[in-house]
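Data block below; observations after.
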Amino acid sequence: WDKILSTLKKGDYVIMQFGHNDGGPLDDTARARGTIRGIGNESKEIYNPITKKQEVVYTYGYYMRKYIRDAKAKGAIPIVCSPIPRNDWKDGKVIRSKDSYAGWAEQVAKEEGAYFIDLNDLIATKYEQMGIDVVKPFFPGDHTHTDINGAKLNAEIVMEQLKKINPGKLKKYMKS
């Protein structure tokens with residue numbers, strides 16, 4: 001983030017999306033990747049096996065706020081996207097994370113005055129329209145990572161939403 005932040009200037013766009021790996025354990029000995037659940041200011045000191053150093057980890061919301069505020073301080077335009085849904089279904093419906101990461105992303109974006117795109121709900125709704133048998137091939141390896149067709153679908157939805165919210169002059173960079 002520091003490298004990106006050092007290059008940001010007024011009028012730049014920062015599209016940010018976090019959440020899929022944030023639910024991992026903080027003390028995972030193979031790879032530290034988690035955040036503390038929630039949007040408060042809680043923190044915890046942990047040992048990071050990747051860097052082999054002690055570090056302080058904060059909540060998901062803390063980091064989202066930091067990135068939004070840092071971008072705005074540089075004059076950049078922050079756009080927060082919720083995490084996309086996983087290929088998890090119950091009773092014919094895609095399970096959404098409105099009560100956790102997707103909801104927290106929305107809440108923090110609104111509190112901080114950033115644009116917000118609810119990919120969790122938009123993509124889940126599209127998957128439901130398509131049906132489980134059509135969606136399943138999008139996830140050849142696991143329930144999180146899509147293949148190229150799933151990625152294209154997700155990108156199309158992002159583009160549609162960017163055109164709708166039309167933040168600043170971003171639309172001039174997009175093909176119609």
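The values are calculated or read from the model by the stated rules, or taken from the named source; none is laboratory data. Every value quoted in this text rests on a predicted model; they were computed, and no experiment measured them. Here the Cβ is made from the backbone with ideal geometry for all residues, glycine too, and neighbour counts use every protein chain on show. Note: areas computed on protein heavy atoms with side chains; ligands, DNA, RNA excluded. Shrake-Rupley method; radii C 1.70, N 1.55, O 1.52, S 1.80 Å.
Here is how the numbers come out for the structure above:
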read-out: Unmet requirement for residue 144, which otherwise passes all of (1) of a type in the set (Ser, Thr, Tyr); (2) open to solvent by 80 Å² or more (accessible area, probe 1.4 Å); (3) touching a His at 6+ places or on another chain (Cβ under 7 Å); value: (2)
read-out: Top-ranked residue of the stretch 65-94 - restricted to ones that are hydrophobic (A, V, I, L, M, F, W, C) and out of contact with any strand residue (DSSP E or B) (no Cβ under 7 Å at 6 or more places or on another chain), ranked as modelled with the lowest pLDDT; value: 84
read-out: Filter result (part of a loop (DSSP other than H, G, I, E, B) and either in contact with a strand residue (DSSP E or B) (Cβ under 7 Å, 6 or more places away or on another chain) or modelled with pLDDT of 90 or more (or both)) within the stretch 38-50; value: 38, 39, 40, 41, 42
read-out: Number of positions in the stretch 78-98 that are open to solvent by 40 Å² or more (accessible area, probe 1.4 Å) and either aliphatic (A, V, I, L, M) or free of Cβ contacts under 8 Å to residues at least 24 places away in the same chain (or both); value: 4
read-out: All positions within the stretch 99-121 that are free of Cβ contacts under 8 Å to residues at least 60 places away in the same chain and within 14 Å of residue 87 (Cα to Cα); value: 120, 121
read-out: Some residue of the stretch 139-162 being under 17 Å from the mean Cα position of the chain (by Cα), within 22 Å of residue 9 (Cβ to Cβ) and either part of a helix (DSSP H, G or I) or modelled with pLDDT of 95 or more (or both); value: yes
read-out: Hey, residue 104 among the aromatic types (Phe, Trp, Tyr), modelled with pLDDT of 95 or more, surrounded by 13 or more Cβ atoms within 10 Å (Cβ to Cβ) and touching a Gly at 6+ places or on another chain (Cβ under 6 Å) or not; value: yes
